[in-house]
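S.K.: Here's a structure for you.
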Amino acid sequence: MKIGTDGVLLGAWASIDHNPASILDIGTGTGIISLMLAQRSSAKLIDAIEIDGDAYEQCVDNFEHSPWSDRLFCYHTSLNKFVDEIEVKYDLIVCNPPFYSEDYRTKNNPRNLARFQDALPFDHLIACVSKLLLDNGNFSVIIPFKEEDQFIATAFKYGLYPITIMHVKGTPSSQIKRSLLRFSFRKGNARRTQLIIEAKRHQYTQKYKDLTQDFYLNM
C-alpha cells in the first residue's frame, strides 16, 4: 500500500507534548505513522495493529529495518480482538481510519479493507479507543471534513472531547478536505487551526513544510 498524505499529516501533527511513554497506532498499514512517532518521540512502547496480512508483513519488515526496531511492534489482529486480549493502556492513540462510506466497492479486497468505513466503523473505533486510552492520554485521528460533526458527536458518547481541530485544504481556493482531531477525556474549548498544503500546484506552503519536512528526503 502506498504512503498517503493523510498518514504523513497525522504522523507529523499528533501531539507528543505530554511525552507519551506508550503509543498505539490502529490500522497501521505500512507502519508509516508509527515510524514517524518513533522518530519524533522517546516513547519506549509503540504498538501497532493491522488486520490485512500483506500490509502486516510489510509493516513488520519496515519496523525491523528501522533505527527504532526495539521500540516498535505490530500485531496481526482485529481491533476487537486486540481490545479483548490486551491489558495495556496508552498515553497516545492514533488512527488513520477507513473513510469511504459510499456504496461502492472495488474488486481489490485489501483496498476495500483499507478504504471503506465498514471495515472499521467510527462508533466501534471510538468505543475501543475509550477503553485503551489512559485517563490523561490523547487520541488523534484524521477523517473527511464532512464526517467531523458526526465523529465528534459519537466521541461525546464515550466521554471523549475535542481539544484541537485542524482543517486541511489542498489549495487556498479549494474546499476543506480533511479534519485532524485531537481528543482527551477532559472537557474544554477546542483550539481550531487551518492548514493549506499547496499555494499552487507542486508548490508547498511554508506551514506544510514546517510540519512535514523532517520526514521527506526532498521538500
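The values are calculated or read from the model by the stated rules, or taken from the named source; none is laboratory data. For clarity, every value in this text was computed on a predicted model and none was experimentally measured. All Cβ positions, even for glycine, are placed from backbone atoms using ideal geometry, and neighbour counts span all protein chains on display. Accessible surface is based on the protein model in full, side chains and every heavy atom, while ligands, DNA and RNA are left aside. Shrake-Rupley method; radii C 1.70, N 1.55, O 1.52, S 1.80 Å.
S.K.: Give me the one-decimal nm value for the distance between modelled label points at Asp54 and Phe215, 7 Å along each residue's Cα-to-Cβ direction.
M.R.: Going from the Asp54 label point to the Phe215 one covers 2.3 nm.
S.K.: A further question on this structure: Could you state the accessible area per residue of the chain in Å², with a 1.4 Å probe and every protein chain left in place?
M.R.: On the way: 11510 Å² over 219 residues.
Ligands and nucleic acids excluded, the result is 53 Å² per residue.
S.K.: So which trypsin sites (Lys or Arg not before Pro) in the stretch 32-93 are both in a DSSP loop and have at most 14 other Cβ atoms within 10 Å of their Cβ?
M.R.: Numbers: sites: Arg40, Lys44, Arg71, Lys81, Lys89; in loops: Lys44, Arg71, Lys89.
Sparse-neighbourhood loop trypsin sites (Lys or Arg not before Pro): Lys44, Lys89.
S.K.: Pick the calculated Rg and Dmax of the Cα atoms in Å for this structure from (i) 16.3, 55; (ii) 16.5, 48; (iii) 29.6, 97?
M.R.: Among (i) 16.3, 55; (ii) 16.5, 48; (iii) 29.6, 97, the one derived from this structure is (ii).
S.K.: Ok, one more. Past 18 Å, Cα to Cα, is the threshold; run Lys44/Lys89; Lys146/Lys207; Lys157/Lys187; Lys89/Lys131; Lys169/Lys209 against it and keep the listed order. Mind showing how you got there, number by number?
M.R.: Details: Lys44/Lys89 14 Å; Lys146/Lys207 23 Å; Lys157/Lys187 13 Å; Lys89/Lys131 8 Å; Lys169/Lys209 14 Å.
With Cα atoms farther than 18 Å apart: Lys146/Lys207.
S.K.: Given a 1.4 Å probe and the protein chains all in place, what does the accessible area of Ile163 round to, in Å² to the nearest 10?
M.R.: 40 Å²
S.K.: Among Pro144, Ser69, Pro98, pick out the residue whose Cα is farthest towards the positive end of the charge dipole of the chain, where Lys and Arg carry +1 and Asp and Glu carry -1 on C-beta, about the Cα centre.
M.R.: Value: Pro144.
S.K.: Post the alpha-carbon centroid distance, the stretch 174-219 to the stretch 24-91, in whole angstrom.
M.R.: 23 Å
S.K.: Can you list the GluC sites (Glu not before Pro) in the stretch 1-106 that are in a DSSP coil and have 14 or fewer other beta carbons within 10 angstrom?
M.R.: Details: sites: Glu50, Glu57, Glu64, Glu85, Glu87, Glu102; in loops: Glu87, Glu102.
Taking the stretch 1-106 and a limit of 14 other Cβ atoms within 10 Å, the loop GluC sites (Glu not before Pro) found are Glu87, Glu102.
S.K.: Here's something else I'd like to know. If the chain between Asn136 and Ser174 were fully stretched, how many nm would it gain, using 0.36 nm times the residue separation less the Cα-Cα distance? Spell out each step's value before the answer.
M.R.: Numbers: separation 38, 0.36 × 38 = 13.68 nm, distance 3.62 nm.
Difference between extended and current length: 10.1 nm.
S.K.: State, as an integer percentage, the relative contact order of the chain based on alpha-carbon contacts under 8 Å between residues 6 or more apart. Before the final figure, lay out the partial values.
M.R.: On the way: 409 pairs, mean separation 35.7, N = 219.
After rounding, I find 16 percent.
S.K.: On the protein heavy atoms, probe 1.4 angstrom, tell me the percent of accessible surface of the chain carried by carbon and sulfur. Don't skip to the end; give the middle numbers.
M.R.: Working: 5450 of 11510 Å².
Carbon and sulfur atoms account for 47 percent of the accessible area of the chain.
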